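The values are calculated or read from the model by the stated rules, or taken from the named source; none is laboratory data. Keep in mind that what you see is a predicted model, and the values were worked out from it rather than measured. Quick reminder, even Gly has a Cβ in these numbers, built from the backbone with ideal geometry, and neighbours come from all protein chains shown.
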């Protein structure tokens, strides 16, 4: 189950997991994009399902999870990737903008994790990967107070949940990507020179791609990563060490 799987990082994660042999369910508020990803996953020989879900609503998540169970069976892997972005300074930010950022990122992660836990506990095996952000580690920059706070909350949630679930065979890890070239960031009103400035400060000297994050996620959900839990993996090109 991949939230925010209709485009960008989520899309690439869903397709990479399908390539690795997983059936995939896409949760997103963009039904057309989700259906396109489902078609690509089916072309890879996997079963796939698109469900229109607002992760900030526990009722919407519950309905989506039930649809997945009925069609694909129990959920053993969860990737919490759904998110929104925006560049607004705190002095200009309204309470509704703050609340929405926290609701989608942090409450959405809580809602989805809680909804799928019965399946993982029953199997004594599960993988949860929460997509945070480098902004949750270093503050991001001007205009990212709400986003950075939400992502830092995901990091703390990941570590606490790893303590709870480790004895039950379930690992919980976070990915904290640096700047990745996705439609979400380009639509969010980023400063025009952001990409150039970030690349110049990175040893790798290139912008991140969704495939970079999908590769890291594929490892964290694999059996080879069974000794990883409560960790924050940050693919960021060396811009933050």
Within the range 52-69, restricting to residues that are in a loop (DSSP other than H, G, I, E, B) and in contact with a strand residue (DSSP E or B) (Cβ under 7 Å, 6 or more places away or on another chain), the one that is nearest to residue 121 (Cα to Cα) is 55
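Condition test on residue 72, is it closer than 23 Å to residue 225 by Cα, modelled with pLDDT of 95 or more and touching a strand residue (DSSP E or B) at 6+ places or on another chain (Cβ under 9 Å)? Can you show your working first?
Details: closer than 23 Å to residue 225 by Cα: no; modelled with pLDDT of 95 or more: yes; touching a strand residue (DSSP E or B) at 6+ places or on another chain (Cβ under 9 Å): yes.
When the stated conditions are applied, residue 72 does not pass them.
Taking the criterion of being within 26 Å of residue 179 (Cα to Cα) and in contact (Cβ under 8 Å) with a residue 24 or more places away in the chain, would at least one residue in the range 69-78 satisfy it?
We begin by selecting, within the range 69-78, every residue within 26 Å of residue 179 (Cα to Cα); these are 77-78.
Filter once more, so that each one left must be in contact (Cβ under 8 Å) with a residue 24 or more places away in the chain: 77-78.
Checked against the condition, which is being within 26 Å of residue 179 (Cα to Cα) and in contact (Cβ under 8 Å) with a residue 24 or more places away in the chain, the range 69-78 yields at least one hit.
Among the residues of the range 157-182, what is the count of those that are farther than 17 Å from residue 144 by Cβ, at pLDDT 95 or above and in contact with a helix residue (DSSP H, G or I) (Cβ under 9 Å, 6 or more places away or on another chain)? Spell out how you get there, then give the answer.
Just the residues of the range 157-182 that are farther than 17 Å from residue 144 by Cβ, to begin with: 157-175, 181.
Adding the requirement that they be at pLDDT 95 or above leaves 157-175.
Still in the running and in contact with a helix residue (DSSP H, G or I) (Cβ under 9 Å, 6 or more places away or on another chain): 157-158, 161, 165, 168-175.
Within the range 157-182, residues that are farther than 17 Å from residue 144 by Cβ, at pLDDT 95 or above and in contact with a helix residue (DSSP H, G or I) (Cβ under 9 Å, 6 or more places away or on another chain) number 12.
Which residue out of 102, 84, 91, 75 is more than 30 Å from residue 23 (Cβ to Cβ) and either outside any helix (DSSP H, G or I) or out of contact with any helix residue (DSSP H, G or I) (no Cβ under 9 Å at 6 or more places or on another chain) (or both)?
Details: 102 fails: either outside any helix (DSSP H, G or I) or out of contact with any helix residue (DSSP H, G or I) (no Cβ under 9 Å at 6 or more places or on another chain) (or both); 84 fails: more than 30 Å from residue 23 (Cβ to Cβ); 75 fails: more than 30 Å from residue 23 (Cβ to Cβ).
Going through 102, 84, 91, 75 in turn, the sole match is 91.
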Would you say residue 185 is under 18 Å from residue 82 (Cα atoms) and either in contact with a helix residue (DSSP H, G or I) (Cβ under 8 Å, 6 or more places away or on another chain) or at pLDDT below 95 (or both)?
yes
Enumeration of residues in the range 88-111 that are surrounded by fewer than 17 Cβ atoms within 10 Å (Cβ to Cβ) and either closer than 17 Å to residue 190 by Cα or modelled with pLDDT under 95 (or both):
89, 90, 92, 93, 97
Any hit, the range 29-51, residues being touching a residue at least 60 places away in the same chain (Cβ under 8 Å) and either touching a helix residue (DSSP H, G or I) at 6+ places or on another chain (Cβ under 8 Å) or surrounded by fewer than 24 Cβ atoms within 10 Å (Cβ to Cβ) (or both):
no
Taking the range 21-51 on its own, how many of its residues are over 18 Å from the mean Cα position of the chain (by Cα) and in a loop (DSSP other than H, G, I, E, B)?
5
Whether any residue in the range 130-146 is modelled with pLDDT of 95 or more, in a strand (DSSP E or B), crowded, with 24+ Cβ neighbours inside 10 Å and in contact with a strand residue (DSSP E or B) (Cβ under 6 Å, 6 or more places away or on another chain) is what I want to check.
yes
Looking only at the range 217-241, which residues are closer than 17 Å to residue 167 by Cα and out of contact with any helix residue (DSSP H, G or I) (no Cβ under 9 Å at 6 or more places or on another chain)?
223, 226, 227
